[in-house]
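Asker: Quick one: structure below, then a few questions.
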Amino acid sequence: MPLFNSLKVNSNNILLWKIVESQDELKNHLNLSNSLNFRLNKIKSTSQRKQFLGVQNLLKLLKIEKSELIYDSNGKPKLLNNNFISISHSFDYCGVVLSKFKVGLDIEKLRPKILTISKKFISPLELNLIKDESIENLTKVWTIKEAVFKAFGYSGIDFKENILIESINIEFDRAKVKVYKNEIIEYYNIEIIDFSQYICSVAYLIK
């Protein structure tokens, strides 16, 4: 069964797919539209093609019709039924989350590369919060900020300056975040899932 996990976080429906199939197997149960086939054919990387097809399978499982899903000028997916959706993929996993409120999802594989770029997205105050600058903790910070960025939905956001982690719990599987752009300010709760050398963060708007 390719569906890795079905989770419920704060009433948001999250599906994660472990991609073990070939491209043909992934396409087998899909009836891609001409526009989706066009997008697929523009993707050169085999792994990215499989991620794209994995996401399409998740959308089918969630019974999201092709006509319901659009993308805005920033590439953010949107549903026409007034619900919110976020999509993410990394190497062998892809995921989709649905919510009645603004939501963001990010999946990242644990990789040493995060150690060399962390200063670009994490502030000194946030370093004090996490204490241990391990690959796992830094990846958690990145997925938190990426998930919030997706949910917030505005371009021109500096991850270090505009997305601020205000608190985390002892287990570092929950956090609270402030994000702002000019006069627009929003707060998000974060839930973090750790599995199979991957980190998955879900950001949901605090109403």
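Asker: Highest GNM mean-square fluctuation, the chain, Cα pairs closer than 10 Å: which of Thr46, Thr116, Thr143?
Answerer: Judging by the Gaussian network model, the answer is Thr116.
Asker: Any idea of Asp106's accessible area? Nearest 10 Å², probe 1.4 Å.
Answerer: About 10 Å², rounded to the nearest 10.
Asker: Next up: With every protein chain left in place and a probe of 1.4 Å, what is the accessible surface of Asp24, to the nearest 10 Å²?
Answerer: Accessible area, nearest 10 Å²: 120 Å².
Asker: So for the chain, taking the charge dipole from beta-carbon charges (+1 Lys/Arg, -1 Asp/Glu), which of Asn83, Leu16, Val97 sits furthest toward the positive end?
Answerer: After comparing all options, I get Asn83.
Asker: For Lys27, what accessible surface area do you get with a 1.4 Å probe? Give it in Å², rounded to 10.
Answerer: 80 Å²
Asker: Sticking with this structure for a sec: Kindly identify the chain as rounded, prolate or oblate by the Cα gyration tensor criterion: order the square roots of the eigenvalues as a ≥ b ≥ c, call it rounded if a/c is under 1.5, otherwise compare a/b with b/c, prolate if a/b is larger, else oblate.
Answerer: Prolate.
Asker: A follow-up question, please. Could you give the nm distance between label points at Lys100 and Lys119, where each point is 7 Å from its Cα heading toward the beta carbon?
Answerer: 4.6 nm
Asker: For n ≥ 4 DSSP H runs only, could you compute -39500 (n - 2.57) per run for the chain, divide by its residues and tell me the 222 nm figure to the nearest 500?
Answerer: My calculation for the chain gives -8500 deg cm²/dmol from helical runs alone.
Asker: For a 32 Å ceiling on Cα separation, which of these pairs sit above it: Lys42/Lys131; Lys50/Lys113; Lys66/Lys176?
Answerer: Table pairs above 32 Å Cα-Cα are Lys42/Lys131; Lys66/Lys176.
Asker: Only four residue types carry charge here, +1 at the Cβ of Lys and Arg and -1 at the Cβ of Asp and Glu. Report the dipole size of the chain about the Cα centre in Debye, rounded to the nearest 20.
Answerer: For this selection, approximately 540 debye.
Asker: Here is a follow-up. Given contacts defined as C-alpha pairs under 8 Å and at least six residues apart, what's the relative contact order of the range 132-207, whole-number percent?
Answerer: 29 percent
Asker: Distance in nm between label sites at Ser67 and Gln197, each 7 Å beyond Cα in the beta-carbon direction?
Answerer: Between Ser67 and Gln197, the label points sit 4.4 nm apart.
Asker: Averaging sequence separations of C-alpha pairs under 8 Å and six or more residues apart, then dividing by the length of the range 76-207, give the relative contact order as a whole percent.
Answerer: RCO, the range 76-207: 24 percent.
Asker: Specify whether the C-alpha gyration tensor of the range 30-104 places it in the rounded, prolate or oblate class, a ≥ b ≥ c being the square roots of the eigenvalues: rounded for a/c under 1.5, otherwise prolate if a/b is larger than b/c and oblate if not.
Answerer: The shape class here is prolate.
Asker: Ok, one more. Mind running the shape call on the range 57-145? Use the C-alpha gyration tensor, a ≥ b ≥ c as the square roots of the eigenvalues: rounded below 1.5 for a/c, prolate if a/b tops b/c, oblate otherwise.
Answerer: prolate
Asker: Treat every Asp and Glu Cβ in the range 111-165 as -1 and every Lys and Arg Cβ as +1, leave all other atoms uncharged, and give the resulting dipole magnitude about the Cα centre to the nearest 20 debye.
Answerer: For this selection, approximately 160 debye.
The values are calculated or read from the model by the stated rules, or taken from the named source; none is laboratory data. Model, not experiment: these values are computed from the prediction. Neighbour counts run over all protein chains shown; Cβ positions are idealised from the backbone, glycine included. Heavy atoms of the whole protein, side chains included, go into the accessibility calculation; ligands, DNA and RNA do not. Shrake-Rupley method; radii C 1.70, N 1.55, O 1.52, S 1.80 Å.
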